[in-house]
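Beneath this line is the structure, given in structure tokens, with notes to follow.
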Amino acid sequence: RFLPEFISGDFDSIRPEVKEYYAIKGCEIISTPDQDHTDFTKCLELLQKKIEEKHLQVDVIVTLGGLGGRFDQIMASVSTLFQATCITPVPIIIIQEESLIYLLQPGKHKMHVDTGMEGDWCGLIPVGQSCNHVTTTGLKWNLTNNMLGFGTLVSTSNTYDGSGVVTVETDHPLLWTMAIKT
Amino acid sequence: MEHAFTPLEPLLPTGKLKYCLVVLNQPLDKCVRRLWSKALLRACADGGANRLYDTMEGERERFLPEFISGDFDSIRPEVKEYYAIKGCEIISTPDQDHTDFTKCLELLQKKIEEKHLQVDVIVTLGGLGGRFDQIMASVSTLFQATCITPVPIIIIQEESLIYLLQPGKHKMHVDTGMEGDWCGLIPVGQSCNHVTTTGLKWNLTNNMLGFGTLVSTSNTYDGSGVVTVETDHPLLWTMAIKT
């Protein structure tokens, strides 16, 4: 009942019996040996190809995992979000345990946070570079044309003001992170 | 000016490094026992005390920190009481503009100065797992730490270590035998325009590292036992610890 359309990667992690099982069940097994990109990045490229081939209208790509374990691989997941803008126009969210991350491109964003599944905390992380002009509404500790940067200010353990909507305006890519109620 | 050190030296049983230990609120790794006895000072940041208390059940008295600090929204009342009765200093740091970790480092530096201690490194356990915003807060603290203490800080959790390389040249000995398979260089905070390395399987030669350009992850060693990194901006080094 849970057969993926495809499994891709350099296959240094998948167990042989697992690969065989899904191959027999008809799932496409696609080898992507390129060592200059992660399995995640290459998987997104393939996914985008299939979205185009099937002429699908897709609102978002939901990724499970990527935010725990090896620190370098957590950072690689974040890095993939930066690269993703050149791979697919579809927004990508990454979810693991109680955390979600989503990369906000420069500009204005409006996020509805009133599904009832939002946890207590949220944050804005200027991972790749400082964001010189960030303005928010809807947070407990809002920013008003403030600078966010490692070594200056990073917004963590923030929370909501109860309005159910968060707006973020940023001049550079800014990583949004929030809690999911477990 | 080249800065030389051995990131995993504190984990060596025969190590002679003078270090302090900070315990954060994440599942405690087994190495805490080995690290505890030789530490000059030991501190817990808020919920880190819960972790110590639970992990050391049956032998808690042998693992008493010099102090426990934080805004105390995580530490359990019975844990706080236990360590207070045992003579550990309980220091409230309610400031909501900084994390418990950052404030703990400030207090640690004060005590290092008060006691005129010579400290080579501050070893922090935890901080690299759990809530994503708190993982990023740990990294952020490393950036702020340069204004708090001159002592280098490493953060360790499970098989990962992180250490912030300041601009300049660095030489790291990676031949303790405790190094795991992978390592990486993460340009958190800003791009590094000129990065040169030796000792890695995939070296950089005056390359740019930046999110959206190139981030070095799943790298490994060339077997020489030494890694050098030259960078023009702060660059986060990360490596695997053999478990």
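The values are calculated or read from the model by the stated rules, or taken from the named source; none is laboratory data. Fair warning: this is a prediction, and the values are worked out from it, not measured in the lab. Note: ideal-geometry Cβ built from the backbone for every residue, glycine included; neighbour counts use all protein chains shown. In case anyone asks, the SASA skips ligands and DNA or RNA and just uses the protein heavy atoms, side chains included. Shrake-Rupley method; radii C 1.70, N 1.55, O 1.52, S 1.80 Å.
Numerical summary
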read-out	value
The range B:44-50 - phi-based ³J(HN,Hα) in whole Hz, Karplus 6.51/-1.76/1.60, Gly and Pro as x	10, 9, 6, x, x, 5, 4
Loop trypsin sites (Lys or Arg not before Pro), the range B:1-102 (other Cβ atoms within 10 Å of the site Cβ: 10 or fewer; DSSP)	B:16, B:30
Coil-residue trypsin sites (Lys or Arg not before Pro) of the range A:1-62, DSSP, other Cβ within 10 Å capped at 12	A:1, A:25, A:54
Total accessible area lost when A and B pair, probe 1.4 Å, Å² to nearest 100	2600 Å²
Over chain A: helical MRE at 222 nm, DSSP H runs n ≥ 4 each giving -39500 (n - 2.57), nearest 500	-6500 deg cm²/dmol
Antiparallel bridges, percent of DSSP beta bridges restricted to the protein assembly as shown (to nearest 5)	65 percent
Kirkwood Rh (inverse of mean 1/r, distinct Cα pairs), the protein assembly as shown, angstrom	22.9 Å
Amide H contacts under 5 Å for residue A:113, placed H, 5+ residues apart	A:165, A:166
In degrees, nearest ten, helix B:132-144 long axis to first principal axis of chain B (Cα)	80 degrees
Intensity falloff of the range A:15-56 expressed as log10 I(q)/I(0), Debye formula with alpha-carbon point scatterers, at q = 0.24, 0.26, 0.30 Å⁻¹	-0.94, -0.97, -0.99
Protein accessible area in chain A, 1.4 Å probe - carbon and sulfur %	52 percent
Of B:85, B:112, B:148, the one that fluctuates the most in a GNM where chain B has Cα springs shorter than 10 Å	B:85
The range B:122-231 - Rg and Dmax from Cα coordinates, angstrom	13.9, 36
Student exercise, the range B:27-76 dipole from Lys, Arg, Asp, Glu Cβ charges, in Debye to nearest 20	340 debye
Max mean-square fluctuation residue, GNM over chain A, Cα-Cα springs under 10 Å, options A:21, A:160, A:102	A:21
Within the range A:4-83, GluC sites (Glu not before Pro) in DSSP loop having at most 12 other beta-carbon neighbours inside 10 Å	A:5
Per-pair calculated FRET efficiency, R0 = 51 Å: residue A:182 and residue B:146 via Cβ, rounded to 0.05	0.90
In order through the range B:158-170: 3J(HN,Hα) via Karplus (6.51 cos²θ - 1.76 cosθ + 1.60), integer Hz, x for Gly, Pro	6, 9, 10, 10, 10, 8, 8, 8, 6, x, x, 9, 9
Once exposed loop GluC sites (Glu not before Pro) are cut out (DSSP; at most 14 other Cβ, 10 Å), longest piece of chain B	B:60-243
Cross-link table B:171/B:201; B:38/B:171; A:108/A:181, entries beyond 18 Å C-alpha to C-alpha	B:38/B:171; A:108/A:181
Nearest-0.05 FRET efficiency for residue B:16 and residue A:137, computed from C-beta distance (R0 56 Å)	0.55
Which of A:76, A:27, A:121, positive extreme of dipole for chain A (C-beta unit charges)	A:121
Among A:107, A:119, A:151: highest mean-square fluctuation, GNM of chain A, C-alpha pairs under 10 Å	A:151
Within 10 Å of each Cβ in B:88-100, the average number of Cβ atoms from other chains	1
Scattering profile of chain B at q = 0.13 Å⁻¹ [log10 I(q)/I(0), Debye over alpha-carbon scatterers]	-0.79
Positive-end residue, the protein assembly as shown charge dipole about Cα centroid, Cβ charges, pick of B:216, B:128, B:191	B:128
Amide proton proximity set for residue B:179, modelled H, under 5 Å, gap of 5+	B:242
DSSP bridge pairs, the range B:116-243: antiparallel proportion in percent, nearest 5	90 percent
Folded to 0 to 90 degrees: helix A:39-53 orientation relative to chain A principal axis, Cα	80 degrees
Cα lying deepest toward the dipole's positive end in the range B:54-183, options B:165, B:82, B:154, charges on Cβ	B:165
Anisotropy class of the range B:77-141 from Cα gyration tensor, a/c 1.5 cut	oblate
Size of electric dipole in chain B: Cβ of Lys, Arg +1 and of Asp, Glu -1, about Cα centre, debye, nearest 20	540 debye
Beta bridge orientation in chain B: antiparallel %, DSSP, nearest 5	55 percent
Area accessible to solvent at residue A:27, 1.4 Å probe radius, in Å²	10 Å²
Relative contact order of the range A:1-145, pairs being alpha-carbon contacts under 8 Å that are 6 or more residues apart, as %	16 percent
Using alpha-carbon coordinates, inclination of helix A:71-84 to the longest axis of chain A, degrees	90 degrees
Computed [θ] at 222 nm, helices only, for chain B once each DSSP H run of length n ≥ 4 contributes -39500 (n - 2.57)	-6500 deg cm²/dmol
Phi-based couplings in Hz for the range A:124-137 (Karplus 6.51, -1.76, 1.60; Gly and Pro marked x)	10, 10, x, 4, x, 6, 5, 10, 7, 10, 10, 10, 10, 9
Relative contact order of the range B:42-184, defined on C-alpha pairs under 8 angstrom at six or more residues apart (%)	18 percent
